[in-house]
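Down below is the structure, laid out as structure tokens.
Nothing in this text is a laboratory measurement; each read-out follows from the coordinates by a stated rule. These numbers come from a predicted model, not from an experiment. Note that we place each Cβ from the backbone using ideal geometry, even for glycine, and neighbour counts take in every protein chain shown.
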Amino acid sequence: MQRSATAVWNGALKDGRGKISTESGVFTDAPYSFVTRFENGKGTNPEELIAAAHAGCFTMALAAQLGTINVTPESLHAVVTVSLENSMPAGRFRAFILKSPQRFPAFLRPRLKRQRRARKQIAPFRVC
């Protein structure tokens, strides 16, 4: 499977502007800039998109893992925070923090714990 996205940047780093588009068309010429990336200005930025991709991937992977024990979740929730070290001219990723508070009925908890232990013995769980 391959997916692609494009980015176009015009101008210098601090006063330039860019546009991000995805192959699917969900994002088409979404604007981004130095201000949206490094100064918390309104708009998107590459790190936010990376965090969204990991959150989406994680919830799908968790649903697949639960399916191996015949559990169909009503809803899964994940929050991914990407930290970027702001070092010029290019930043460096420092951390990916995943929070996934899930609630399961009490009768499922022992099955989930056994399944998690078995999964760890086979291979570590990878998000994406």
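Quick rundown of the values:
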{"read-out": "Base-10 log of normalised Debye intensity for the range 1-44 (one unit scatterer per alpha-carbon) at q = 0.16, 0.18, 0.22, 0.25 Å⁻¹", "value": "-0.44, -0.53, -0.72, -0.85"}
{"read-out": "Sparsely packed trypsin sites (Lys or Arg not before Pro) within the range 1-88, loop by DSSP, other Cβ within 10 Å at most 15", "value": "Arg3, Lys14, Lys42"}
{"read-out": "The range 1-44, relative contact order [Cα under 8 Å, separation at least 6], %", "value": "28 percent"}
